Structures are given as C-alpha cells and as structure tokens.
Amino acid sequence: MSITLVAGLGNPGREYRDTRHNLGCAVVDALAREHGLAWKMQTAFQSETARWESAPGPNPVLLAKPLTYMNDSGRALQALASFHKLPVASVIVIYDDLNIDLGLVKVSLTGGAGGHNGIASVLRHLGDGFIRYRLGTGPRHPAHMDLKDFVLGKFTTDQQITIARALTHYLHGLRLLLEHGAARAMNTLNRRNNNNSSNTNSSDSSSTTTSSTTTT
C-alpha cells in the first residue's frame with residue numbers, strides 16, 4: 001500500500017527546540033501528539049518516524065523528523081522515500097519561511113530553495129515536485145538582523161502566543177491537504193494567506209518581508 005511522507009524540518013537537539021527554524025518539526029510533533037502517535041527512532045534513515053494509519057485521504061501517512069542538521073535534511077528524506085518507493089509527489093515537507101507573515105501558511109508545488117538550506121538539500125536529493133507546506137515566521141525584525149541569528153533565534157513571548165493560536169490552523173490545513181490534495185489546499189490556504197496579508201499591509205507597512213530562511 002502506498003503512503004504519504006510528511007516531514008517536518010528542523011535541527012536536532014534541545015538548544016534548537018523553540019527556534020524559528022524548528023517550526024516545521026514542532027508542527028509535526030503537534031500532529032503526532034494530537035493523534036496519539038508514538039515516535040520511533042530509525043537510525044538507518046537518520047530520522048524519527050511515526051505511522052498514522054487512520055490519516056484522512058487515500059493513504060496512511062508516515063510522519064518524519066530528520067535528525068540530520070537542517071542543511072542535510074534531503075539525505076534523510078531520500079533514504080525514506082527510496083525505501084518506501086515513494087514518488088517525489090508523495091512527499092510533503094513542512095518548514096519555516098520568513099517571506100510569509102507569522103501565523104500564516106502557504107502551499108506550493110515547485111520553485112527554488114529561496115535561500116532555505118533545508119529545502120536546497122531536499123531539492124538536491126529528491127528533486128523538485130514535493131509539496132511545500134510553508135509556515136510563516138516573518139517579517140525579520142529588525143530588518144538588518146543577521147539572517148542566521150534570526151532563524152536560529154527563539155520566538156518572543158508575543159510570537160509564541162501567535163504560534164499557539166495558529167496551531168489549529170496549521171493542523172487543519174494539513175488535514176485538508178491530505179484529504180483533498182494540493183490544489184484544494186492551495187486554493188483555500190493561499191487565499192486566506194493573501195487576504196490576511198492584505199489586511200496586515202493596510203495597517204502596518206512593516207509587514208513586507210525580505211529574504212528566505214537559512215540554516216546552520
């Protein structure tokens with residue numbers, strides 16, 4: 001039976017747990033927790049995995065958290081995809097994106113790495129065509145802050161509140177994606193993303209973001 005691979009990117013280790021760059025990993029953790037799934041260490045794939053048999057949609061879902069550092073994420077995902085004989089279109093990658101405002105989500109199917117070293121690694125090892133589930137962490141503030149310091153920095157107290165409130169939206173969007181596919185998810189989530197961004201821009205000109213995420 002075919003499966004869908006849903007991977008949350010991040011850096012391993014307690015020191016990175018609450019950083020912006022680990023938001024993808026945190027959301028996959030929340031999804032597993034919501035459905036009572038147990039993580040299993042799989043050394044051969046340099047990942048932790050959890051199997052979700054009753055996931056919405058046509059296929060069971062394998063959740064994964066690569067234990068490589070961010071800039072080598074693709075190697076772990078390639079090993080998992082190769083073992084399970086998965087086409088790249090069956091892989092969903094969840095990751096932070098500072099080109100999107102905090103709390104919003106955008107789904108896309110193609111494109112470059114945009115400066116995100118984790119995605120650059122996935123592109124090297126898997127190729128393009130995987131589904132990108134992009135979680136906003138922007139805008140960078142202050143704008144001149146070093147990019148590495150920003151993505152490896154921790155959310156402020158107010159930002160943590162925003163993330164906590166957005167978690168239901170993140171998980172709902174993932175269920176929508178799994179059950180109805182990328183086209184439906186893009187139509188629903190990206191439209192909401194654009195509407196909310198327009199509302200934000202009309203009241204705060206500082207919402208314009210600059211560049212994409214990087215990594216350690």
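The values are calculated or read from the model by the stated rules, or taken from the named source; none is laboratory data. Being a predicted model, the structure only gives us computed values, none of them experimental. Here the Cβ positions follow ideal geometry from the backbone for every residue, glycine too, while neighbour counts run over all protein chains shown.
Data overview
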{"read-out": "Among the candidates Val61, Val88, residue that is over 12 Å from the mean Cα position of the chain (by Cα), under 25 Å from Leu189 (Cα atoms) and surrounded by 22 or more Cβ atoms within 10 Å (Cβ to Cβ)", "value": "Val61"}
{"read-out": "All positions within segment 144-162 that are more than 21 Å from Gly114 (Cβ to Cβ) and in a helix (DSSP H, G or I)", "value": "Thr157, Asp158, Gln159, Gln160, Ile161, Thr162"}
{"read-out": "Cβ-Cβ under 6 Å pairs, at least 6 apart or on other chains, segment 31-44 side within 11 Å of Leu63 (Cβ to Cβ), far side of a type in the set (A, V, I, L, M, F, W, C) and assigned to a helix (DSSP H, G or I)", "value": "Leu31/Leu171"}
{"read-out": "Residue among Ser121, Ser108 that alone is on the phi < 0 side of the Ramachandran plot and crowded, with 20+ Cβ neighbours inside 10 Å", "value": "Ser121"}
{"read-out": "Scope segment 128-142; condition within 30 Å of Ser82 (Cβ to Cβ) and either surrounded by fewer than 17 Cβ atoms within 10 Å (Cβ to Cβ) or of a type in the set (S, T, N, Q) (or both); matching residues", "value": "Asp128, Gly129"}
{"read-out": "Tally of residues being of a type in the set (A, V, I, L, M), within 26 Å of Gly181 (Cβ to Cβ) and assigned to a loop (DSSP other than H, G, I, E, B) across segment 17-73", "value": "2"}
{"read-out": "Test for Ala120: is it farther than 22 Å from Gly173 by Cα and in contact (Cβ under 8 Å) with a residue 60 or more places away in the chain", "value": "no"}
{"read-out": "Residues within segment 128-166 that are on the phi > 0 side of the Ramachandran plot and either aromatic (Phe, Trp, Tyr) or touching a Phe, Trp or Tyr at 6+ places or on another chain (Cβ under 9 Å) (or both), tallied", "value": "0"}
{"read-out": "Trp39, sole failed condition from (1) in contact with an Asp or Glu (Cβ under 8 Å, 6 or more places away or on another chain); (2) surrounded by 23 or more Cβ atoms within 10 Å (Cβ to Cβ); (3) over 13 Å from Gly10 (Cα atoms)", "value": "(2)"}
{"read-out": "Given (1) under 24 Å from Ile92 (Cα atoms); (2) at pLDDT below 85; (3) touching a His at 6+ places or on another chain (Cβ under 9 Å), index of the condition Ser211 fails", "value": "(3)"}
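To keep it simple, each residue is scored yes or no on (1) at pLDDT below 95; (2) more than 18 Å from the chain's Cα centre (by Cα); (3) of a type outside the set (Lys, Arg); (4) surrounded by 15 or more Cβ atoms within 10 Å (Cβ to Cβ).
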position	(1), (2), (3), (4)
Leu126	no, no, yes, yes
His144	yes, yes, yes, no
His172	no, no, yes, no
Ala185	no, no, yes, yes
